[in-house]
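What follows is a set of notes on a single structure, which appears directly below.
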Amino acid sequence: MRHLTPRWIIGWLVLASVSASVQADALKFEFAAASAETYGLPHDIVLSPGRELLYVADNANDRIVVLEPRSLRELGRFAQNEVAEPHDVAFDAQGRLLVADTGNSRIAIYAVDGVGGRLVGTIEGRIRRPEGVAVHPDGRVFATGAASGNLVVYRDGKVVDEVGGFSSPHDVAIDATGGVWVADAANDRLVRLDDALRVTAILSGPAYGFSGPRYLDFDPAGRMYVADKYTHRIKVIAPRGELLQMLGGPGSGKGERVFDRPEGVEIHGADMWISDTYNNRIVRYKVTGMR
């Protein structure tokens, strides 16, 4: 198993140009909708390939919930008693839903048919309590082990690579250039690896003020949106690494621009969905000012 570069070398890899240049007028966020508050610590969220449904990892209720994306009205649920403490959800090229089935230390694979889902397979091996899952364009599946402190890569259900040295890693996401981003939550940082799993960037320190970053997504311009749990904020980061602005915080709450320990974020077009986790709801914002 490979390991991350030792801490005494990491400083050379951090993006030197980063500064806390928060541009309050770069993007505007308008509160658009909120779901019912009937969910149990909802974690990551993902749109269906056709963008007509929103799937939620309903963590404390051990299930997947399906919402109508605009109104956030519940349409259905599945996987009850088949998954335990699900954290992350992602679609593969075949339209199957991959679930980080944390309590069962596996990735559960579901064939989905609208608001229903049928368990059709699992991926296991070298990972304990996975909390993040992503599918690379070449078909490889990446998963993070929160308890095993690693990133494991699978092809056709078999382990083909592994990187250790993380601390309670959560999300793993693939950017438009094929870069692999890991939310190294307990180390309060984001780590980017290239296709060969070599570290190419680390975002950490006062310039970002991360405190338990969880799940993330990208807009078409390459900006990264990070649910930073303990600052109660969504942080927007430019493709070159600058912190652009923040939504929410500084303290927890429940309202149109405040959250309580948010964990999940999904963005498509001018819409952004957030798992307002400890308020047990999903919220939607309209985003303007994108270029």
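Data for the structure
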item	result
Those residues of region 160-187 which are farther than 20 Å from Ala201 by Cβ and either surrounded by fewer than 15 Cβ atoms within 10 Å (Cβ to Cβ) or at pLDDT below 95 (or both), in sequence order	Val160
Residue that is farthest from Pro42 (Cα to Cα), among those in region 224-279 that are outside any loop (DSSP other than H, G, I, E, B) and among the basic types (Lys, Arg)	Lys235
Contacts under 7 angstrom Cβ, first residue in region 83-107 being touching a residue at least 60 places away in the same chain (Cβ under 8 Å) and within 17 Å of Ser148 (Cα to Cα), partner crowded, with 22+ Cβ neighbours inside 10 Å and acidic (Asp, Glu), 6 or more apart	His87/Asp44; His87/Glu131; Asp88/Asp44; Asp88/Glu131; Asp88/Asp171
Filtered residue count, region 270-279, keeping only those that are surrounded by fewer than 21 Cβ atoms within 10 Å (Cβ to Cβ) and either over 13 Å from Pro69 (Cα atoms) or free of Cβ contacts under 8 Å to residues at least 12 places away in the same chain (or both)	1
Condition broken by Val135, with the remaining ones in (1) farther than 23 Å from Ile64 by Cβ; (2) surrounded by 17 or more Cβ atoms within 10 Å (Cβ to Cβ) satisfied	(1)
Residue that is farthest from Asp44 (Cα to Cα), among those in region 127-166 that are in contact with an Asp or Glu (Cβ under 6 Å, 6 or more places away or on another chain) and not in a strand (DSSP E or B)	Phe166
Residue check, Ser211 of a type in the set (Ser, Thr, Tyr), part of a loop (DSSP other than H, G, I, E, B) and over 27 Å from Arg73 (Cα atoms)	yes
Residue match in region 214-221 (condition: small (Gly, Ala, Ser) and in a strand (DSSP E or B))	no
Top-ranked residue in region 251-269 [being in contact with a strand residue (DSSP E or B) (Cβ under 8 Å, 6 or more places away or on another chain) and farther than 30 Å from Thr200 by Cα; ranked as surrounded by the most Cβ atoms within 10 Å (Cβ to Cβ)]	Phe259
Residue in region 115-123 that is outside any strand (DSSP E or B), without any contact (Cβ under 8 Å) to a residue 60 or more places away in the chain and in contact with a strand residue (DSSP E or B) (Cβ under 9 Å, 6 or more places away or on another chain) present	no
Candidates Arg129, Arg118, Arg155, filtered to the one that is basic (Lys, Arg) and in contact with a helix residue (DSSP H, G or I) (Cβ under 6 Å, 6 or more places away or on another chain)	Arg129
Selection within region 167-195 - among the charged types (D, E, K, R) and either free of Cβ contacts under 8 Å to residues at least 40 places away in the same chain or in a strand (DSSP E or B) (or both)	Asp171, Asp184, Asp188, Arg189, Arg192, Asp194, Asp195
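Let's see how each residue does on (1) in contact with an Asp or Glu (Cβ under 9 Å, 6 or more places away or on another chain); (2) closer than 30 Å to Leu244 by Cβ:
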{"site": "Ala36", "(1), (2)": "yes, no"}
{"site": "Pro49", "(1), (2)": "no, yes"}
{"site": "Leu54", "(1), (2)": "yes, yes"}
{"site": "Ala60", "(1), (2)": "yes, no"}
{"site": "Glu74", "(1), (2)": "yes, no"}
{"site": "Pro86", "(1), (2)": "yes, no"}
{"site": "Ala100", "(1), (2)": "yes, yes"}
{"site": "Gly103", "(1), (2)": "yes, no"}
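Residue-by-condition table, conditions (1) in a strand (DSSP E or B); (2) under 24 Å from Ala143 (Cα atoms); (3) out of contact with any strand residue (DSSP E or B) (no Cβ under 8 Å at 6 or more places or on another chain); (4) of a type in the set (Asp, Glu):
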{"residue": "Glu52", "(1), (2), (3), (4)": "no, no, yes, yes"}
{"residue": "Tyr55", "(1), (2), (3), (4)": "yes, yes, no, no"}
{"residue": "Val65", "(1), (2), (3), (4)": "yes, yes, no, no"}
{"residue": "Pro69", "(1), (2), (3), (4)": "no, no, no, no"}
{"residue": "Leu75", "(1), (2), (3), (4)": "yes, no, no, no"}
{"residue": "Val83", "(1), (2), (3), (4)": "no, yes, no, no"}
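The values are calculated or read from the model by the stated rules, or taken from the named source; none is laboratory data. Note that the structure is a prediction, hence the values are computed from the model and not measured. No Cβ is skipped: glycine too gets one built from the backbone with ideal geometry, and neighbour counts run over all protein chains shown.
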